[in-house]
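No value in this document is a laboratory result; all are computed from the given coordinates. This one's a predicted model, so the numbers in the text were calculated from it and none came from an experiment. We place every Cβ from the backbone using ideal geometry, glycine too, and count neighbours over all the protein chains shown.
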Amino acid sequence: CSRLHNRPTISPTLLLSNMYQRPDMITPGVDAQGQPIDPHKIQEHFEDFYEDIFEELCKFGEIESLNVCDNLADHMIGNVYVQFKEEDHAAAALQALQGRFYNGRPIIADFSPVTDFREATCR
Amino acid sequence: RSRSKSKRISGFDMAPPASAMLAGAAAAAAAGQIPGTTTM
């Protein structure tokens, strides 16, 4: 959905917009230079990213769940949802991420209203 | 995986080149989102 959702002032969940970039994001299975990529490489790249995020964010508190949108469609592309056990931890992490970079790209972090990913559909 | 964990550097705080930084900041300010550029 393309609606602008309300951003809660406090939430245990953070949204990091467009943070994950697949190596084959232009054409599936092919890198930016047009060379085919081994699917294992893509998986490894994803796991490295996931690990980076997890390691950085678990400093702020216990992570309940960590979701990365590994899609190629425009909608929610590369969005990372981090749900902490405590709202305070999410707030601390949000503050710590402000103005920082990941792989040369600015981190866009905000609270997200999502607290249950099974129910995370637009209403 | 057998790869040593400690050898890989985290992508956190990897700053972009100055020119990309300006473009990125401008785009972020304008749209609140980063367009799909390839910086990898």
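Under a plain spin-label model, where a point goes 7 Å from the Cα along Cα-to-Cβ, how far apart in nm are A:E55 and A:T9?
3.7
What is the sum of charges around A:L94, taking Lys and Arg as +1, Asp and Glu as -1, for the other residues whose C-beta is under 12 Å from the C-beta of A:L94?
The answer is -1.
Compute the angle between helix A:87-97 and the longest alpha-carbon principal axis of chain A, please, reported from 0 to 90 degrees and rounded to the nearest 10.
Relative to chain A, helix A:87-97 is tipped by roughly 50 degrees.
Under a 5 Å amide H to amide H cut-off, with H placed in plane at 1.01 Å, what residues pair with A:R100 once short-range neighbours are removed?
Residues meeting the amide H criterion: A:I107.
Before rounding to the nearest 500, sum -39500 (n - 2.57) across all DSSP H runs of length at least 4 in chain A and divide by the residue total; then give [θ] at 222 nm in deg cm²/dmol.
Rounded to the nearest 500, it is -8000 deg cm²/dmol.
Please report the base-10 log of the normalised intensity I(q)/I(0) for region A:13-119, using a Debye sum with one equal scatterer per alpha carbon and no solvent, at each q in 0.13, 0.20, 0.21, 0.22 (1/Å).
-0.49, -1.04, -1.13, -1.20
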